[in-house]
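> Just passing along the structure, written as structure tokens.
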Amino acid sequence: MVATSDAVWSEQGTTPDAIEAALRRLLIERHAENERFVPARVLNMIAFVDRAWSGEIANRLRGVGRYHASRLLVFSYEPQRERLDARVMIASEGQGDDGELALLRETVVVEVGDRHLDDLLTIADPLVVTDLPTLLWSPHGHHEIVQQLLAMSQAVLLDSVEEPVVREALDRAGALSAQVYVVDLAWLRSTPWRERVAAAFDPPALRLELSQITGVSVRHHPASTVAALLLVGWLASRLGWQTWSLGVDGAAQVGRARSGDFDIGVRLEMARELQVPGLQSVELRTASGLDLSLTRGTGGLRARARDGGGHIREWTIPGASRGEAGVLGEGIRQALLRDPTYVPALERARAMLPSATTRS
Amino acid sequence: MALAATESENPLTAGLERLPVAPTTLVIFGATGDLARRKLLPALYNLAHEGALPERFHLVGVSRSDKVHEDFRGECEQAIRRFSRRTPDESVLASFLETVKYVGGTFDDPAVYSELAKVLDGFEREAGEPLNRAFYLSTAPQFFPVIVDQLGAGKLNRADPSTHPQVRVIIEKPFGTTLAQARELNQRVLSTFDESQVFRIDHYLGKETVQNMMAFRFANGMFEPLWNRNYIDSVQITAAEEIGIGSRADYYDAAGALRDLIQNHMLQLLCHVAMEPPASFTAEDVRNEKVKVLHAIPQLSAADIPQMAVRAQYGPGHAGGEDVPGYLHEEGVPEDSITETYAALRLEVDNWRWAGVPFYLRTGKRLARKVTEIAVTLKPVPHLAFSQHGSLGVQPNQLVLTLQPNEGVSLRLGAKIPGTRMIIRPVNMEFLYGTAFLSQSPEAYERLITDAMRGDATLFTRNDEVEAQWRICDPIVGTWSQTPGPLAQYEAGSQGPQEADGLLREGDRWRAI
């Protein structure tokens with residue numbers, strides 16, 4: 001986002017009422033300055049972050065571009081802080097040239113300490129736009145804060161690959177999903193893979209092969225076991241597989257599933273060469289001898305298909321990497337949508353967890 | 001709930017925003033032309049960037065000039081770099097360009113189609129499976145029948161019935177320049193392809209703004225009870241442009257404002273305003289309802305036309321703070337041209353819902369500003385209890401759907417002016433789509449190309465729809481072509497010709513542009 005009209009207000013030892021009044025005043029001033037400045041009214045986002053890491057989070061949020069929430073409320077947490085300080089920033093995307101609107105996006109940063117946490121809801125509530133959905137994000141844990149702010153949130157953003165223990169990550173996503181709509185960045189990282197697997201089996205002649213899958217292998221970033229489990233969980237939930245716990249085999253997790261008459265070998269393997277969170281490759285094998293693999297490559301996914309006769313074909317499916325900023329931006333956008341396939345995939349992923357606790 | 005995989009269902013597509021597109025080879029005839037360079041190639045690149053092209057995709061350019069594949073790839077690359085809405089990702093661009101091939105030759109030469117068949121067969125051998133084929137006719141309109149005939153003669157119009165892949169033809173506008181031509185072209189096209197294979201482009205239909213009109217009407221219960229002759233007084237549809245004809249004199253002087261915008265885009269907007277709710281949003285149900293509206297518009301007789309249609313040309317004036325020439329002094333325009341740069345119509349929709357409600361349509365170049373909007377004026381309240389003295393007066397409610405530049409909905413209401421007296425003035429309640437969504441709208445061509453490759457014809461014009469549009473415009477085109485000039489003039493940068501006021505019913509007036 002290119003901010004070309006900034007308005008800033010700050011106050012130490014402030015109150016939610018004063019912050020809200022400042023927001024209203026700045027918006028009126030911006031609109032009076034140029035009637036093409038109009039506030040975006042899409043989504044509230046509340047981010048609860050540790051103050052020591054707030055710069056990193058600010059950088060991540062700057063990278064989401066047009067997916068910036070229309071009002072972003074950041075609670076910057078520092079345990080010993082006694083005083084409530086706040087900054088309000090209003091930025092536009094342009095000057096409204098050529099008759100186009102220049103949308104105003106609002107960011108409110110509130111510095112809070114331990115003494116404010118019990119009543120955080122009463123600080124947050126006046127600072128979000130009434131009737132807009134609210135997305136809650138707490139990238140540094142603080143589960144008790146998430147629980148408190150759920151009362152005013154319609155969606156929670158989380159990244160299951162950031163939890164150090166896979167079981168805890170999936171259990172937490174499961175528990176939250178029972179209360180609120182969950183947008184899981186680990187799930188969104190698998191979206192292009194899910195789209196491509198769906199497309200690969202979309203030609204009518206190949207759809208029947210979906211009920212004859214005999215093997216699935218996923219290679220993933222060492223910290224992205226959750227993403228791999230969610231992908232297999234998605235296949236299992238969509239295709240009605242019976243699943244069992246996976247076992248550990250060195251750096252891989254292996255196991256089996258069953259669909260009708262077919263046993264399905266499942267293998268999740270760490271791809272240590274992968275530099276970014278997410279998946280490196282997905283391979284599916286069917287009873288007819290079809291072996292289809294998709295591998296992260298330059299300029300898109302590299303596809304390789306071997307048919308029952310042993311003929312091998314390779315091609316590239318173009319597509320740009322969204323990068324982590326793109327994934328976060330997509331996460332914000334997804335707060336306004338509803339994907340009915342995540343929770344069933346999550347449940348199957350939880351069912352496949354090895355009995356021993358695994359670090360992600 | 002999980003679904004069992006059957007030949008007719010793909011259980012993996014549930015929850016996906018982007019549905020799979022079958023493996024396709026897209027052939028663009030006129031691949032080196034302006035439309036391909038400015039719109040089609042950038043749209044295809046953007047689909048590639050987003051991972052939205054089919055899993056297997058190939059592009060073949062066909063054009064008259066003789067060149068090798070590499071040269072054409074270089075031209076594609078240049079066009080994408082220059083006209084894409086986003087900066088290309090180098091690796092994606094390279095991957096995309098790998099899919100591109102070129103076939104050169106004149107469109108009436110059977111050898112071109114033999115060569116094309118070899119290229120298409122080669123892709124399919126490489127893929128190990130038959131691929132869908134989509135032929136995009138982005139040429140001058142006189143070549144449409146030639147290409148269609150040759151595709152038929154070369155047996156490129158049908159897929160092998162033993163395999164699933166589909167063959168489709170996408171035809172750019174204009175689809176004929178008269179009713180007779182449109183009918184003849186339809187006959188030629190439909191003698192080679194089935195209607196289900198034909199996708200006639202009206203790129204307005206690919207705009208999010210036009211699709212939003214259906215959401216506005218049919219996803220909101222509050223408007224439908226008012227949406228009829230009992231409550232609506234008139235409808236005004238405006239497509240005004242601030243710019244002149246630029247370097248398009250060749251095209252524009254042959255077409256004129258009526259053919260350029262009213263015959264297709266503006267009649268489509270009228271259909272979206274006036275159509276009955278379709279039973280479903282399938283292509284056939286939606287198009288059936290639109291065709292019913294077009295059939296309900298009476299054909300104008302030559303005697304009616306002076307009272308129902310106005311044409312004019314822009315004269316010299318001012319635009320954007322600059323002096324600008326009149327139409328007849330634009331480069332490439334014949335000095336005795338009688339082509340209209342402004343057209344306005346008053347149409348009636350003679351059915352139960354709309355009888356007696358005038359639909360005013362106007363479009364023009366070099367008007368005061370760029371705006372496309374639909375203004376629906378409601379009937380006044382039956383009794384005014386308020387004094388009109390000292391106020392701007394109580395005015396009828398007006399609902400304005402703005403399509404560009406700032407897509408939104410505005411409702412004019414009467415409100416009391418603060419103070420001790422009960423004085424009313426109009427105020428606007430405004431909603432702007434741009435403030436309410438995070439996503440950027442895709443270009444119309446991205447949506448339309450994807451839909452055509454998927455075989456979804458909802459946003460394309462059907463044969464009877466095109467002919468019904470021409471049935472309305474043909475008498476006007478005919479009468480105007482036989483009426484000598486000079487045409488009425490309006491000053492560039494103005495609201496248009498005063499003659500347009502003559503179309504209005506007593507008490508009606510044009511909205512300020």
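The values are calculated or read from the model by the stated rules, or taken from the named source; none is laboratory data. Since the structure is predicted, the reported quantities are computational estimates derived from the model, not experimental observations. Please note: Cβ atoms are built from the backbone with ideal geometry, for glycine as well, and neighbour counts cover all protein chains shown. Surface areas here come from the heavy atoms of the whole protein model, side chains and all, with no ligands, DNA or RNA. Shrake-Rupley method; radii C 1.70, N 1.55, O 1.52, S 1.80 Å.
> Over every pair of different alpha-carbon atoms in the protein assembly as shown, take the mean of 1/r and invert it; report that Kirkwood radius in Å.
When all Cα pairs of the protein assembly as shown are included, the Kirkwood radius is 30.4 Å.
> Also: For the Cα atoms of chain B, what angle does the longest principal axis make with the long axis of helix B:283-295, in degrees from 0 to 90, nearest 10?
40 degrees
> Calculate the mean, over all residues of peptide B:47-57, of how many other protein chain Cβ atoms lie within 10 angstrom of the residue's Cβ.
6
> Before I look further, what does the protein assembly as shown give for accessible area per residue, probe 1.4 Å, in whole square angstrom?
I get 41 Å² per residue for this part.
> Let me ask something else about it. What FRET efficiency would be calculated for the residue pair B:Ala111, A:Asp307, taking the C-beta separation as r and a Förster radius of 30 Å, to the nearest 0.05?
0.30
> Taking each residue in A:314-326, count the Cβ atoms of any other chain within 10 Å of its Cβ, then average. What number comes out?
Mean partner-chain Cβ count within 10 Å for A:314-326: 6.
> Sticking with this one: Just need the relative contact order of the range A:27-169 here, percent rounded to a whole number, with Cα pairs under 8 Å and 6+ apart.
Details: 247 pairs, mean separation 37.7, N = 143.
Taking the mean separation of contacting Cα pairs over the length of the range A:27-169, I get 26 percent.
> Which order do B:Ser191, A:Ser76, A:Ser177 take by accessible area at a 1.4 Å probe, largest first? Could you put the intermediate results ahead of the total?
On the way: B:Ser191 90, A:Ser76 5, A:Ser177 30 Å².
Output order, biggest surface exposure first: B:Ser191, A:Ser177, A:Ser76.
> Would you mind checking the tilt of helix B:444-454 against the longest principal axis of the Cα atoms of chain B, expressed as 0 to 90 degrees and rounded to 10?
Taking the Cα atoms of chain B, the angle to B:444-454 is about 50 degrees.
> Divide by every residue of chain A the summed helix terms, -39500 (n - 2.57) for each DSSP H run of at least 4, and state the resulting mean residue ellipticity at 222 nm, rounded to the nearest 500 deg cm²/dmol.
After summing the helix terms and dividing by residue count, I get -9000 deg cm²/dmol.
> Which whole-Hz couplings ³J(HN,Hα) result when phi for each residue of the range A:126-142 is put into the Karplus expression 6.51 cos²θ - 1.76 cosθ + 1.60, θ = phi - 60°, listed in order with x for Gly and Pro?
3J(HN,Hα) across the range A:126-142, in whole Hz: x, 9, 9, 7, 4, 6, 8, x, 10, 9, 10, 9, 10, x, 10, x, 6.
> List residues of the range A:169-187, by number, whose backbone nitrogen lies under 18 Å from a label position 7 Å along Cα→C-beta of A:Gln147.
Once the point is set 7 Å along Cα→Cβ of A:Gln147, A:169-181 turn out to lie under 18 Å by backbone N, inside the range A:169-187.
> Please compute the net charge surrounding B:Ala279, taking Lys and Arg as +1 and Asp and Glu as -1 over other residues with Cβ under 11 Å from its Cβ.
That works out to -4.
> Using a 1.4 Å probe on the protein chains only, how many percent of the accessible area of the range A:241-328 belongs to carbon and sulfur?
47 percent
> To the nearest Å, what is the center-to-center distance of the range B:48-110 and the range B:258-321, using C-alpha atoms only?
Cα centroid of the range B:48-110 versus Cα centroid of the range B:258-321: 35 Å apart.
> Simple spin-label model, 7 Å along Cα-to-Cβ: B:Arg509 to A:Gln275 in nm?
Reported label-point gap for B:Arg509 and A:Gln275 is 6.6 nm.
> With every protein chain kept in the model, how would you rank A:Arg219, B:Arg125 by accessible area, 1.4 Å probe, largest at the top?
My answer, sorted largest first, is B:Arg125, A:Arg219.
> Please go through the residue pairs B:Lys290/B:Lys370; B:Lys173/B:Lys370; B:Lys173/B:Lys292; B:Lys207/B:Lys416 and name each one whose alpha carbons sit more than 32 Å apart in this structure.
B:Lys207/B:Lys416
> If each residue of separation counts as 0.36 nm, what is the full-extension length gain between A:Glu33 and A:Glu168 once their alpha-carbon separation is subtracted? Display every interim value, and only then the final one.
Values: separation 135, 0.36 × 135 = 48.60 nm, distance 5.06 nm.
Full extension from A:Glu33 to A:Glu168 adds 43.5 nm.
> For the Cα atoms of chain B, what angle does the longest principal axis make with the long axis of helix B:179-190, in degrees from 0 to 90, nearest 10?
Once rounded, the angle reads 30 degrees.
> Calculated from DSSP H runs of 4 or more alone, at -39500 (n - 2.57) each and per residue, what is the 222 nm mean residue ellipticity of chain B, nearest 500?
On the way: 13 runs with 149 residues, N = 513.
Helices in chain B give a 222 nm mean residue ellipticity of -9000 deg cm²/dmol.
> With each pseudo-label sitting 7 Å past Cα toward Cβ, what's the B:Val381-B:Ser196 distance in nm, one decimal?
It works out to 5.5 nm between the two label points.
> Starting from the Cα gyration tensor of chain A, take the square roots of the eigenvalues, sort them a ≥ b ≥ c, and report rounded, prolate or oblate (rounded when a/c is under 1.5, otherwise prolate if a/b is larger than b/c, else oblate). Can you show the working numbers first?
On the way: a/c = 2.72, a/b = 1.85, b/c = 1.47.
Prolate.
> May I pose another question? Give me the accessible area of A:Trp315, 1.4 Å probe, in Å² rounded to the nearest 10.
Estimated to the nearest 10 Å², A:Trp315 gives 30 Å².
> Cross-link partners among lysines for B:Lys155, C-alpha distance below 23 Å, same-chain residues fewer than 8 apart left out?
B:Lys101, B:Lys118
> When only alpha-carbon atoms count, how far does the range B:307-436 stretch along each of its three principal axes, as whole angstroms with the largest first?
Result, largest extent first: 61, 42, 37 Å.
> In addition: Other chains near A:35-41: what is the mean number of their Cβ atoms within 10 Å of each residue's Cβ?
3
> State, as an integer percentage, the relative contact order of chain A based on alpha-carbon contacts under 8 Å between residues 6 or more apart.
On the way: 754 pairs, mean separation 60.2, N = 360.
Once normalised by length, the contact order is 17 percent.
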